[in-house]
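Written out below as structure tokens is the structure these notes cover.
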């Protein structure tokens, strides 16, 4: 199933200069437009990393991750649905 999520804000929860093994992740805020998001789901953020190749052509590499927690207004849950 394809899920659609409108992302309107994000921030990093890691301390500046953190070592790779100490990274905790980040926070994304927005609205679920279609489908369900659940803890444990693999997600893909698009367009992801945008860069130019040697010829000046834009390329996009999606960022893949996994949902480890979900909150709405500071209330934890295991899944959230489009509404």
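Any read-out appearing in this document is the output of simple, stated calculations on the displayed coordinates, not a laboratory observation. Computed from a prediction, not measured in an experiment: that's the story for all the values here. Reconstructed Cβ throughout: ideal geometry from the backbone, glycine too, with neighbour counts over all protein chains shown.
Here are a few things to note about the model shown:
- Residues in segment 49-83 reached by a label modelled at residue 9 [backbone nitrogen below 15 Å; 7 Å Cα→Cβ]: 71-75
- Net length gained if the chain between residue 71 and residue 31 were fully extended (0.36 nm per residue, minus Cα distance): 13.2 nm
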